[in-house]
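Colleague: This is the structure I have questions about; it appears just below.
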Amino acid sequence: MSQAALTRFAPLLFVLLWATGFIGAKLGLPHAEPLSFLLIRYLLVLGLMTVVALATRAAWPRDARQWFHIGVSGMLVHGIYLGGVYVAIARGLPAGVTSLVVGIQPLLTAVGAGWLLREAVLARQWVGLVLGFVGVAMVVSGKVGSGFGLDALWPALAALAGITAGTLYQKRFCASFDWRTGSIAQFLPTMVLTAIAVALTEDFRVSWTGEFIFAMAWLVLVLSVGAISLLNWLIRHGSAVNIASLFYLVPPCTALMAWALFDERLAGMALVGMALAVWGVYLARK
C-alpha cells in the first residue's frame, strides 16, 4: 500500500479494528477474570511479536531512554486503559457508560495538546470535538442505566486518564519507533504491571471455552498487533487532536457491530448521534 493510500485509509481501518475490541471483550469476559484475561493476551502478543521482530531483523530501541519512554507509553495506553475498561465492565458498568466515560478523551487530549505539545487547536476543531462528544452521548444514552457504584466507575475514569496521557506522552517523547520491537517494549512492562495486579487482586480463573479462545485470538492478532500498530503509525504521522478525535467514532461503530452480531437495537437518537459524531470528527480532522 502506498503512503498516500495508507494516510487516507489508516484512520478508518483503525476505528473499525479498535471497535471490535469491545466485541471481543463482550465474548471473552464471561469466561475469565478481567486482568487475567489481559495477562494472557499480553503474553501471547509478546511471544508473537518477538518471533516477528527476530525473523524480520527489526531495529530495536537504540538506548535505555527510548526503552523507558516506549514502555511508559505502553503502560498508559495498554495497561491502564485496557485494564480500566475491562475491570469496569466486569464490575457491572454498562458498556455504553464505559464508552461515554472514555469518550471524553478527545476533549482532554485537545487541552493537553495545546498545553504540553504546543499544538494549535483551531476553533473549528473545538466545535468538532464538542459535536463528536454530543454524538457519542446520544449513541450510548439509551444504554445508560443505574445499578452501578463508584467501584465500577473509577476504573473507567482511570482508563480515560490512561489513554489520554498515553497519547500525549507517546507523541511528546517517543513518536517514532519500529512497530515490531516497539510493541515488545510497550507490552513487556505492561505485562509485568498486569501480572502484579493479578497476583494482588485475582485468582487467575480462566475457562478455556471455544468462545474464549476465539475472542483471545481476535484480540491478540487483530487488536494488539493490527490496531495497535496502526495507532502507533497514526501517532507518528498526525497531530494528537486528529488522532484522539477518531475515538469518537468507536462507540457508534461498536453499536453497529453489536446490533449486527447480538441484535442490540439502535434507537432513532442513536442514529442521529452517529451522524453528529462523524461530522464532528470531520471538522476536527479537516
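The values are calculated or read from the model by the stated rules, or taken from the named source; none is laboratory data. Small disclaimer: the values here were computed from a predicted structure and weren't measured. Virtual Cβ from ideal backbone geometry, glycine too; neighbours counted across all protein chains shown.
Colleague: Just to verify a result, which residue in the stretch 40-91, among those that are assigned to a helix (DSSP H, G or I) and of a type in the set (D, E, K, R), is surrounded by the most Cβ atoms within 10 Å (Cβ to Cβ)? Spell out how you get there, then give the answer.
Modeller: Applying the first criterion (assigned to a helix (DSSP H, G or I)) to the stretch 40-91 yields 40-56, 64-90.
Checking which are of a type in the set (D, E, K, R) leaves us with 41, 65.
Values: Arg41: 26, Arg65: 11.
Among those that are assigned to a helix (DSSP H, G or I) and of a type in the set (D, E, K, R), it is Arg41.
Colleague: Step by step: first the residues of the stretch 13-39, then only those that are among the hydrophobic types (A, V, I, L, M, F, W, C) and farther than 20 Å from Gly74 by Cα, then the one that is surrounded by the fewest Cβ atoms within 10 Å (Cβ to Cβ). Which residue is that?
Modeller: Taking the stretch 13-39 as the starting set, the residues that turn out to be among the hydrophobic types (A, V, I, L, M, F, W, C) are 13-19, 22-23, 25, 27, 29, 32, 35, 37-39.
Adding the requirement that they be farther than 20 Å from Gly74 by Cα leaves 13, 16, 23, 27, 29, 32.
Details: Leu13: 13, Leu16: 15, Ile23: 20, Leu27: 19, Leu29: 16, Ala32: 25.
Looking at residues that are among the hydrophobic types (A, V, I, L, M, F, W, C) and farther than 20 Å from Gly74 by Cα, I get Leu13.
Colleague: Of all residues being polar (S, T, N, Q) and surrounded by fewer than 19 Cβ atoms within 10 Å (Cβ to Cβ) in the stretch 128-182, which is modelled with the lowest pLDDT? Just the residue, please.
Modeller: Ser146
Colleague: List every residue pair whose Cβ atoms sit under 9 Å apart, with the two residues 6 or more apart in sequence or on different chains, where the first one lies in the stretch 99-110 and is farther than 14 Å from Val15 by Cβ and the second, anywhere, is surrounded by fewer than 24 Cβ atoms within 10 Å (Cβ to Cβ) and among the basic types (Lys, Arg).
Modeller: Note: pairs meeting the criteria are Leu100/Lys143.
Colleague: I want to confirm something. Restricting to the stretch 81-95 and keeping residues that are of a type outside the set (A, V, I, L, M) and more than 15 Å from the chain's Cα centre (by Cα), which single residue is modelled with the lowest pLDDT?
Modeller: Pro94
Colleague: Out of Gly47, Gly28, which single residue is within 13 Å of Phe214 (Cα to Cα) and either more than 14 Å from the chain's Cα centre (by Cα) or at pLDDT below 95 (or both)?
Modeller: Values: Gly47 fails: within 13 Å of Phe214 (Cα to Cα).
Only one candidate qualifies: Gly28.
Colleague: Now for a different question. Would you be able to tell me the number of residues in the stretch 103-127 that are touching a Gly at 6+ places or on another chain (Cβ under 7 Å) and at pLDDT below 70?
Modeller: Qualifying residue count for the region: 1.
Colleague: Looking only at residues that are aliphatic (A, V, I, L, M) and buried (at least 18 other Cβ atoms within 10 Å of the Cβ) in the stretch 257-286, which one is modelled with the lowest pLDDT?
Modeller: Once the filter is applied, the top-ranked residue is Ala284.
Colleague: Checking Leu200 against (1) outside any helix (DSSP H, G or I); (2) surrounded by fewer than 21 Cβ atoms within 10 Å (Cβ to Cβ), only one condition comes out false. Which one?
Modeller: (1)
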